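Quick notes on the structure that follows.
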Amino acid sequence: MSDNGNKITLTIDGRQVTVDRGTTVLEAARSIGIDIPTFCWHPKLKSVGACRMCYVEIEKFRTLAVSCATECLPDMVVHTRSEKVLQGRKAVLEFILLNHPLDCPTCDKGGECDLQDHTFAHGIDDSRFDFPKYRFKRDPKSTFDDYRIGPEIIRNQNRCILCYKCVRANKEIFGEHDLGVFQRGNLAEIDAAPGEKVDSLYSGNLVEICPVGALTNTDFRYKVRVWKTKQVKSICQYCADGCNLTLWARRNRIFRATSRRNDDIDEGWICDRGRYGYQVANAEDRLTTPLVKKGEHHVEVTWDEAIKTIAARFREIKDKKGGVCIGGLAYPGLDSASLYTVSKFFRTILNTNSIDFRYDYKMLPEKAGDVYSEMTAQPFSITGIEKSDLILVLASHLINEHPITHLRVRKAVTKLGSKLYTVNPFATKSGDISTDEIIYRLGTLEALINGVCMALTEQSNEIKTKYADKLKSLIAPSSVEAASKISGVEKERIHNLARAILDAKNVTVIVGEILTGSATRENMASAISNMLLISGIPAKGQVGFLSKYANSMGAQRLGVMPHLPDATVERLKELWDNYPEQPGLAADRILLAGRKEEIDSIFVMGCDPLLLYPDGEFVRESLETLDFLVVADMFESKTTAMADVVLPLAGPAEMSGSFVNIEGRIQTFDKAINPPGQALPGYEIMNRLAAEMKNPLYESDRQLHDEITMLLDMNHKAPAIMDVQEAKYIAEEPGDEYNIALVVTDELHHFGHLTEKTKSLSAFCAESFLEISPALAEKYHAQNGTLLRVESEVGKVILPVRISEHIDNNVAMIYKNFAATPVNVLQMRKRRVDYVRLSRVEEK
Amino acid sequence: MILSDKSIAEIREKMVRYPRRKSAILPALTVAYNQLGHLDEEIYKEISQVIDVPTGEIAEAATFYTMFPKAPTGRYLIQVCHNISCALLGADGLVEYLESKLGIKKGETTPDKIFTLITVECLGSCASAPMMQIGDRYYEFLTKEKVDAILDDLRKKAEDGKADSV
């Protein structure tokens, strides 16, 4: 039987193959290793049959068939390399080459160009078209039609073969409409839409999927021949999605990053932060030598002197007051080895638990085993999103925080028919494809979620009998009506959301930074835990409290926190000769203790708390009060300027190591280039320091690797929480004067404190700005670019306005990635919501 | 807005006939063209607002269809078919004749803004080649004499202020 239900058997080049109904001939051939040349086909895009290159001969078919758009039928007999097929493809190539300039010697695509390869394979030596080729020329003086359509993309229409892959991916996968095909016939051209630039977060992918050199990026153009580079396996160093990258390096310099497709994570798409962010490694102003402050100035010293200076001061403090008087802050974008050695150094050498990777979040919970920690340890998988018929995105500017997880949600909704509800304090890109985009008043999420819990009890008798009484005693507000009033979300929409949860067969709940970075996240996590518990989601889906940085999850599992789960502590006690008994301090308390002179020294590993900790003045006071500040980083920053010792740190491209992504997936990356100057990896710095003070942290790379693997491989998954938790909303109303809610977040093309060092990402955006609604802009007579003064009770900054339809009336959104304008001076670490006022600059 | 209230109402009325908003692009462009006699980027943006489809998609459709002029034309837009049947039966000569008679080149408009001359792809009237389209009307089996008569007639109408709408 060749037609067996959903399976179809056919013959391709004399070989039998059985495939699912709906499979194309092209896919069937590929599945048995038969390569059919293509230009317009892409495994993640719908077939359009635009290029005709994938011709095959199918017996009983009148003409050649395009295999990418022909579905397999029972008993089909396909020939992929018959004389007729080869002739057909040759004719297609002759037409494609009709106006192609054949400027391979000066084309960056040379060496990895599909058109070059297929022409080579089909042996085209001459064309019958002997008239002049049609030439697109934007600039009559230039031989090349090089035309910038976005901050990083150059288009050369003469090379374009109109496969439409860029335009299709842009619409189909990214949901962007800034690129199109205009005109027709031989005049047809790929271009930015009228009045727009191709500047979405995914724009670099369009260059990567171009089969020819029609789209190139300024990053890579005319710099190196691709066959002269070596390809190095890498993992993105920014957000915690953990996209797989290939770095292309030559002579100790990286030339570009491309996707190394991993269908479990990225499906071959990466965001521009990941694509261009590698440039931090090549930046001119990297720190290359250890510096020690002598008098007012930093002086270059040898590693030996720097390490001895630190060891001497640390020993002095430890002997006099104890190791508890030294605190550590570490960047969660560091490799696992560096993070682990920070923990091991502080605990075994200094005998203190006061280390934390959460240096840019407000007020942290300070005990292990709280609801928030349990929730962050629930099992979560990116592919699991596709299995859910309901996706709930809570308190997350998803495209901004996790661009590639956003694409997976987008895929589930637009291709697989899942329903999406977004619940955020402002409109987001995910909202565009949602069934309902719920917008609550900033700071009222737990009230809203409590409302959803009560709506669930009203809609299901089973939930009512089981949980209603318990909920009423433990949560506030405890009615849909009150929740609606506090959050500003209509009752009906709360009920609709509850109904959607009850109706769903499988649910994915994604919780983002608006919660995880908030001062009251424990409370909000409890509210969400209740919602999951009573609706039975643990049994029918997953919840992801998404970790932020490339290795936040690794930092958590490797113990870069003051309070660790019991199991981890037990394991560490077995592993190490010392584990400090005294409880440690979290990031906020470390800084507070510094200000109160209870801590004398802080070691900052790879981060910039002065720019990113939400209360700039507080951090400054704390760091100024310290006796001794050590900062290791890749670049000079305001924090390094205050340091007594500055250590040059190697970036992830300059070592091999591992990151742990939002799913807890451990991924390794290889060394692409050497660190600049004398810069060293974090683990090497910690080890030298430990050796100087007492004994090395590890004797061999093998030992270090084994200890890390053992810790990461422990079962870190927490069981679902089975009790109703207390979750009471506490109102924090704005005052009369400062009444616009402030959101401080990463700019779309930037991440943390490093990306502003890259030329390409700075081409998208190079300075902070203030994003407000058209209504608010009108109130201050502001247009795009007008300077407004933003003031809170504790600080002020002046920023240019950008008007956005996405922002709710009473929210001001500000971007924190730019050292020139530290916006954390506006934030107060104890406030759950910061409020600001605006004024025009010339008015005062 | 460049689009008149009447045009916007007409576009809205046409929109409801289609299950998908994108399907209303061509009807909307036609309404705009009928009002203005040409299309441009500002109009794409306005239509985008009316039918809630990205500007880029509207521009893609509009630029694909050469029958929508993308710049203001003369009172009468003369579209001469230059595809194979017409070409075999003398379209080239016809274009040359029109050029010399009107004193303009292909793609240009007469100084008095009465005629614009362009060549177009097949208009589906091969059996009556050579042919041209002016306004909504086909002029077929063309000869130089016929062209003379047509141009005289239209010029007279324009000068008398009785021009048909395009």
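The values are calculated or read from the model by the stated rules, or taken from the named source; none is laboratory data. All figures in this text were calculated on a predicted structure; none of them were measured in a lab. FYI the Cβ positions are ideal-geometry reconstructions off the backbone, even for glycines, and counts take in every protein chain you see. Side chains are part of the model used for accessible areas, which takes the heavy atoms of the whole protein and leaves out ligands, DNA and RNA. Shrake-Rupley method; radii C 1.70, N 1.55, O 1.52, S 1.80 Å.
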Notebook entry, point to check: Across the stretch A:671-686, what is the total count of residues that are under 29 Å from residue A:377 (Cβ atoms) and open to solvent by 10 Å² or more (accessible area, probe 1.4 Å)?
Noted result: 2
Margin query: Within the stretch A:62-70, does at least one residue satisfy the condition of being of a type in the set (A, V, I, L, M) and over 30 Å from residue A:10 (Cα atoms)?
Written below: no
Next item on the list: Look at residue A:219 and say whether it is away from chain B (no Cβ under 14 Å), among the charged types (D, E, K, R) and either under 18 Å from the mean Cα position of the chain (by Cα) or surrounded by 21 or more Cβ atoms within 10 Å (Cβ to Cβ) (or both).
Entry: yes
Next item on the list: Take the residues in the stretch A:748-766 that are open to solvent by less than 10 Å² (accessible area, probe 1.4 Å) and in a helix (DSSP H, G or I), then tell me which one is farthest from residue A:814 (Cα to Cα).
Entry: A:760
Check: Out of all the residues in the stretch A:606-614, is one or more outside any helix (DSSP H, G or I) and closer than 19 Å to residue A:834 by Cα?
Finding: yes
Next item on the list: Return the only residue of A:690, A:632, A:643 being open to solvent by less than 20 Å² (accessible area, probe 1.4 Å) and either of a type in the set (Val, Ile, Thr) or farther than 25 Å from residue A:362 by Cβ (or both).
Entry: A:690
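Residue-wise test of (1) touching a helix residue (DSSP H, G or I) at 6+ places or on another chain (Cβ under 6 Å); (2) β-branched (Val, Ile, Thr).
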| residue | (1), (2) |
| --- | --- |
| B:95 | no, yes |
| B:99 | no, no |
| B:130 | yes, no |
| B:137 | no, no |
| B:144 | yes, no |
| B:152 | no, no |
Margin query: Within the stretch A:262-307, take every residue that is closer than 23 Å to residue A:680 by Cα and polar (S, T, N, Q) and give me the one that is most open to solvent (accessible area, probe 1.4 Å).
Written below: A:302
Next item on the list: Kindly list the number of the only condition in (1) touching a residue at least 40 places away in the same chain (Cβ under 8 Å); (2) more than 28 Å from the chain's Cα centre (by Cα) that fails for residue A:682.
Entry: (2)
Check: In the stretch B:16-38, how many residues are more than 12 Å from chain A (Cβ to nearest Cβ) and in a helix (DSSP H, G or I)?
Finding: 15
Note to self: Restricting to the stretch A:28-43, give me the number of residues that are touching a helix residue (DSSP H, G or I) at 6+ places or on another chain (Cβ under 8 Å) and buried (at least 16 other Cβ atoms within 10 Å of the Cβ).
What the structure shows: 8
Note to self: With the structure loaded, tell me whether residue A:731 is at pLDDT below 95, surrounded by 18 or more Cβ atoms within 10 Å (Cβ to Cβ) and not hydroxyl-bearing (Ser, Thr, Tyr) or whether it fails that test.
What the structure shows: no
Checklist line | Condition broken by residue A:514, with the remaining ones in (1) within 25 Å of residue A:405 (Cβ to Cβ); (2) among the β-branched types (Val, Ile, Thr); (3) open to solvent by less than 10 Å² (accessible area, probe 1.4 Å); (4) in contact (Cβ under 8 Å) with a residue 60 or more places away in the chain satisfied | finding: (3)
Checklist line | Subset of the stretch A:350-390 (residues that are at pLDDT 95 or above, open to solvent by 10 Å² or more (accessible area, probe 1.4 Å) and of a type in the set (Val, Ile, Thr)) | finding: A:383
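Could you tell me which of the residues B:10, B:41 is within 14 Å of another protein chain (Cβ to nearest Cβ) and open to solvent by 40 Å² or more (accessible area, probe 1.4 Å)? I'd like the intermediate steps shown before the answer.
Values: B:10 fails: within 14 Å of another protein chain (Cβ to nearest Cβ).
Only one candidate passes the filter, namely B:41.
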Checklist line | Residue within the stretch A:527-544 that is assigned to a loop (DSSP other than H, G, I, E, B), of a type outside the set (S, T, N, Q) and free of Cβ contacts under 8 Å to residues at least 24 places away in the same chain present | finding: yes
Next item on the list: State whether one or more residues within the stretch B:74-97 are within 14 Å of chain A (Cβ to nearest Cβ), in a loop (DSSP other than H, G, I, E, B) and loosely packed, with under 13 Cβ neighbours inside 10 Å.
Entry: no
Notebook entry, point to check: Applying the selection to the stretch A:767-799, what residues are aliphatic (A, V, I, L, M) and in a helix (DSSP H, G or I)?
Noted result: A:775, A:776, A:777
Check: Mind checking which residues of the stretch A:832-844 are out of contact with any Asp or Glu (no Cβ under 7 Å at 6 or more places or on another chain) and crowded, with 19+ Cβ neighbours inside 10 Å?
Finding: A:834, A:835, A:838
Notebook entry, point to check: Does the stretch A:172-194 contain any residue that is surrounded by 14 or more Cβ atoms within 10 Å (Cβ to Cβ), more than 14 Å from chain B (Cβ to nearest Cβ), in contact with a Gly (Cβ under 9 Å, 6 or more places away or on another chain) and outside any helix (DSSP H, G or I)?
Noted result: no
Note to self: Being within 14 Å of another protein chain (Cβ to nearest Cβ), within 25 Å of residue A:194 (Cβ to Cβ), free of Cβ contacts under 8 Å to residues at least 12 places away in the same chain and crowded, with 20+ Cβ neighbours inside 10 Å: is that true of residue B:56 here?
What the structure shows: yes
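Within the stretch A:268-300, which residues are among the β-branched types (Val, Ile, Thr) and part of a helix (DSSP H, G or I)?
A:280
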Margin query: If I go through the stretch A:476-506 residue by residue, how many of them are within 29 Å of residue A:809 (Cα to Cα) and not in a helix (DSSP H, G or I)?
Written below: 7
Notebook entry, point to check: Yes or no: residue A:200 within 14 Å of chain B (Cβ to nearest Cβ) and either of a type in the set (Lys, Arg) or not in a helix (DSSP H, G or I) (or both)?
Noted result: yes
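When you look at residue B:48, is it among the hydroxyl-bearing types (Ser, Thr, Tyr), in a helix (DSSP H, G or I) and not assigned by TED's automatic domain parsing to the domain that holds residue B:21, yes or no?
no
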Checklist line | Residue in the stretch A:797-819 that is farthest from residue A:441 (Cα to Cα), counting only those that are open to solvent by 70 Å² or more (accessible area, probe 1.4 Å) and modelled with pLDDT of 95 or more | finding: A:798
Item checked: Lone unmet requirement of (1) surrounded by 17 or more Cβ atoms within 10 Å (Cβ to Cβ); (2) more than 14 Å from chain A (Cβ to nearest Cβ) for residue B:63 -> (2)
Note to self: For the stretch B:129-148, which positions are in a helix (DSSP H, G or I) and either surrounded by fewer than 12 Cβ atoms within 10 Å (Cβ to Cβ) or within 18 Å of the chain's Cα centre (by Cα) (or both)?
What the structure shows: B:145
Next item on the list: Report whether or not residue A:429 is modelled with pLDDT of 95 or more and open to solvent by 40 Å² or more (accessible area, probe 1.4 Å).
Entry: no
